[in-house]
Amino acid sequence: MDNIETLKRELTEAVANAADEAALEAVRVAALGKKGRISQLMKGLGQMSPEERKEQGPVLNALKNDIADAIAARAHALHDAALAARLATEKIDITLPVRPEPAGSIHPVTQVIDEVVAIFADMDFSVAVGPDIETDFYNFTALNIPPEHPARQMHDTFYFHEKADGERPVLRTHTSPVQIRSMQAQGAPLRVIAPGRTYRCDSDMTHTPMFHQIEGLVIDKDIHMGHLKGCLDAFCRAFFEVDTVRMRFRPSHFPFTEPSAEMDIGCNRSGDEISIGDGDDWLEILGCGMVHPVVLRHGGIDPEIYQGFAFGIGIDRLAMLKYGIPDLRDFFESDLRWLRHYGFSALDIPSLPGGLSR
Ligand code: PHE
């Protein structure tokens, strides 16, 4: 009995001193493994007399159970300690401040271009681009504005010096040259919008020498003014984020469209700000019309088979209207206070499902 007590004390101590799971396993093997000390004692039971066995059996069984329990408890404790140590090293400090807002903002012109593109992309338009420095042919002649045409004067064109071949490049006065380039590159049917910079020698509260337009062009069979009106109506409601917009088409003249019109939208000017969609006042926002057959031919499209409509919208003016910005010249002053005030978050990308302007 004495040596069993000693053994128990010895083993219990070894279990308590096992510093990690491997050491504890060694103790378990030495005590309870096939050749372990307790296992050896149990084997000895077979050689005992029945009386001895009756006495020793329960004692050894209790020893075995006690040691097994001690090992299990120690294993548990070691496991908890290991976990706690690991958690301590992998701790994440969630008290760190959130990342600062990205510096800089999206310019209202870029914002409005993104909004307009999102709206027309939803109507299956693709985006086309053309160069800012244009040839006389693309900016004028191909658009049915031949050399001596009076419309050339109205464009306040910036001309470059004449080149050796007599060609005089211009800073494009509108985005309409992209109509010709798109027709030539893609043929009919066609559905494009072309946002970009345009230039005219003009400067006051609502004019800057560089400004922005977005050109729209649809070419297909059996296209008529009804399509033009429907398309622009859908655009205005989406852009100004209102259910209905009053629209008015006034007859106008552009050499590259026939018939031509200017579109006004209903607005309310009482008070400091202009509100869109209701009220008794009108505001001109774009020029449009049915593409002139001469223009289609310059684009390589047969006007006997295809018709189309086109429109040109002033982007900066849309931005002023929608976001209540009074002076166009400020757009291009790069004044940080202005940019912070009127700029948009770079993370709010305009989309129809996600919202255009929040
Ligand atoms: N290019 C014209 C302008 O700058 C606008 C326009 C585009 C008109 C397309 C009709 C069709 O004023």
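Data table
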item: Cα long-axis angle, helix 108-122 against the chain (0 to 90 degrees, to the nearest 10); result: 90
item: Within the chain: Cβ-based charge dipole about Cα centre, in debye rounded to nearest 20 (Lys, Arg +1; Asp, Glu -1); result: 1460
item: Dipole of segment 1-134, positive direction: furthest Cα of ALA16, PHE125, GLN40, with charges on the beta-carbon; result: GLN40
item: Segment 226-319 - Debye-derived log10 I(q)/I(0), Cα point model, q = 0.15, 0.19, 0.24 Å⁻¹; result: -0.63, -0.89, -1.22
item: Shape parameters for segment 2-89, alpha-carbon atoms, Rg then Dmax in Å; result: 15.6, 58
item: Crossing angle, helix 50-89 versus the chain [Cα axis fit, 0-90 degrees, rounded to tens]; result: 30
item: Square roots of five times the Cα gyration tensor eigenvalues for the chain, Å; result: 88, 24, 21
item: Stretch gain in nm, segment ILE305-SER351, where the contour uses 0.36 nm per residue and the Cα spacing is subtracted; result: 13.0 nm
item: Degrees between helix 225-240 axis and first principal axis of the chain (Cα, 0 to 90, nearest 10); result: 50
item: Sum of side-chain charges, VAL129 neighbourhood, beta-carbon under 12 Å (Lys, Arg +1; Asp, Glu -1); result: +1
item: FRET efficiency, 1/(1 + (r/R0)^6) with R0 22 Å, evaluated for ASP69 and GLU10 via beta carbons; result: 0.85
item: Label-point gap, in nm, between ASP20 and SER252 - each point 7 angstrom along Cα→Cβ; result: 8.1
item: Burial order of peptide ranges 131-142, 51-62, 111-122 (average beta-carbon count within 10 Å, highest first); result: 111-122, 131-142, 51-62
item: Extended-chain gain in nm, criterion 0.36 nm per residue less alpha-carbon gap, LYS35 and THR135; result: 26.1 nm
item: CYS201-MET225 FRET efficiency (beta carbon distance; Förster radius 30 Å; 0.05 resolution); result: 0.35
item: Inter-probe distance in nm under a simple model that places probes 7 Å from Cα toward Cβ, at LEU83 and SER126; result: 5.9
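Coordinate-derived values only; no laboratory data. Only a predicted model underlies this, so the values are computations on that prediction, with no experimental measurement involved. Quick reminder, even Gly has a Cβ in these numbers, built from the backbone with ideal geometry, and neighbours come from all protein chains shown.
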